[in-house]
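The values are calculated or read from the model by the stated rules, or taken from the named source; none is laboratory data. The shown structure was predicted, so the numbers you read here are calculated from the model rather than taken from an experiment. Note: ideal-geometry Cβ built from the backbone for every residue, glycine included; neighbour counts use all protein chains shown. What goes into the accessible areas is simple: the full protein's heavy atoms, side chains included, and nothing from ligands, DNA or RNA. Shrake-Rupley method; radii C 1.70, N 1.55, O 1.52, S 1.80 Å.
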Amino acid sequence: MANQFDVAVIGAGAAGMMCAAVAGQRGKRVVLLDHATKLAEKIRISGGGRCNFTNLYAGAANFVSDNPHFCKSALSRYTPQDFLALLKKHRIAYHEKHKGQLFCDGSAEQIIQMLKDECAGGDVHWRMPCKVADISQDADGSFCLHTDGGAVNAASVVVASGGLSIPKIGATGFGHRIAQQFGLKVVAPRPALVPLIFDAAAWAPYVPLAGISLDVDVATGRGASGARFREDLLFTHRGLSGPAILQISSFWQPGTPITINLLPEIDVGHVLIEAKGKVKKQLENVLSQWLPARLAEGLLGAHGFALDARLADMKDEQLRKLGRALNDWSIVPCGSEGYGKAEVTRGGVDTRELSQRSMMAAKVEGLYFIGEAVDVTGWLGGYNFQWAWASGMAAGLAL
């Protein structure tokens with residue numbers, strides 16, 4: 001019976017360990033398998049090594065999905081406060097950094113150790129490193145996992161193998177492939193929470209601005225499919241990054257523009273026209289009151305304004321044009337930095353195929369999908385970990 005289990009969980013990340021621990025502590029014989037040699041790398045590197053493990057304000061409105069109501073059930077049944085109770089049990093200190101984002105006072109290793117201890121509390125068996133080549137279902141409905149360490153048999157299988165983001169730490173499309181093998185639909189995956197890039201020729205005037213950061217409003221799309229965020233933006237050699245861009249990237253559709261307000265507190269055109277008769281400074285010096293000097297200079301050049309132009313000499317229409325360039329800068333990315341720089345994957349197993357209460361596939365009794373493998377993508381700031389905990393808990397309680 002060494003390789004016979006009630007539950008096999010594939011993927012020892014945040015969702016997988018949570019699910020395995022909960023099912024194990026409920027008396028199930030659980031095995032947790034992962035192909036990686038190092039446990040939970042995505043937790044380890046999160047939040048600069050301190051793990052942004054949840055967000056105080058996490059709710060369904062903070063997630064993107066083709067089926068946006070699906071995540072409500074799991075998120076309402078396992079909240080950030082529930083996870084904080086688990087941290088208290090393990091005496092892990094934490095702090096709020098920004099907009100409800102919670103981090104360990106110590107390191108992400110504390111979260112990994114906590115999950116390992118919870119798994120130990122459920123007598124979870126480990127197979128790591130252990131690569132699952134494929135899964136077959138027997139006539140009695142049980143499953144056989146064909147691994148490089150031999151066959152593993154289980155009454156139920158939970159796929160918690162994540163998405164395609166950050167392949168250098170082992171991300172693969174395994175979960176999507178298994179879903180398709182069993183006849184489940186997959187929402188086309190693409191990188192999310194990722195820097196955006198622009199055509200090299202069009203971006204050339206902005207390359208010297210790389211490294212500059214500022215607080216902006218950024219928007220894309222319309223109606224329910226659109227979004228707007230107020231966060232920091234970072235200029236890079238290839239395009240734009242920073243929290244504002246990572247957030248909007250999850251909503252951006254190829255071929256469409258993003259719109260950036262570089263000075264959201266100021267109606268630039270109006271203020272410049274009002275000041276024209278009172279201020280004798282060069283335009284660059286006026287803008288440098290509100291923007292980093294290097295950025296003011298670069299933006300004037302990029303939009304065709306002479307660097308030595310005096311505000312008093314500018315026509316009103318020229319100042320309105322400059323105002324639009326700063327308050328309503330519309331640009332079309334040519335793509336993103338891809339899965340190598342993406343924090344998460346948008347898309348995944350179509351949630352219409354799953355029970356929102358148990359995360360089990362409606363068509364395949366005993367087959368579950370949780371975490372990033374599923375078409376539920378959180379905002380930047382701890383939301384994706386909360387989905388991992390909540391979906392893992394939902395499946396763990398249902399098994």
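Couple of notes before you dig in:
- Among the residues of the stretch 175-232, those identified as touching a His at 6+ places or on another chain (Cβ under 7 Å) and either more than 30 Å from Asp134 (Cβ to Cβ) or without any contact (Cβ under 8 Å) to a residue 40 or more places away in the chain (or both) are Val207, Ala210.
- Test: Glu96 is in contact (Cβ under 8 Å) with a residue 60 or more places away in the chain and among the acidic types (Asp, Glu): no
- Of all the listed residues (Glu284, Glu274, Glu353), the sole one being crowded, with 17+ Cβ neighbours inside 10 Å and modelled with pLDDT under 95 is Glu284.
- Only one entry in Phe229, Phe235, Phe198 is within 27 Å of Ala293 (Cα to Cα), open to solvent by less than 10 Å² (accessible area, probe 1.4 Å) and of a type in the set (Phe, Trp, Tyr), namely Phe235.
- Qualifying residue in the stretch 250-266 (condition: over 30 Å from Ser165 (Cα atoms), open to solvent by 60 Å² or more (accessible area, probe 1.4 Å) and in contact (Cβ under 8 Å) with a residue 40 or more places away in the chain): no
- Residue pairs whose Cβ atoms lie under 8 Å apart, separated by 6 or more positions or on different chains, with the first residue in the stretch 16-44 and among the polar types (S, T, N, Q) and the second modelled with pLDDT of 95 or more, are Gln25/Glu118; Gln25/Gly121; Gln25/Gly122; Thr37/Met128; Thr37/Pro129.
- Among the residues making up the stretch 209-226, those that are more than 13 Å from Ile258 (Cβ to Cβ) and either modelled with pLDDT of 95 or more or buried (at least 18 other Cβ atoms within 10 Å of the Cβ) (or both) are Leu209, Ala210, Gly211, Ile212, Ser213, Leu214, Asp215.
- Some residue of the stretch 371-393 being of a type in the set (D, E, K, R), at pLDDT 95 or above and not in a loop (DSSP other than H, G, I, E, B): yes
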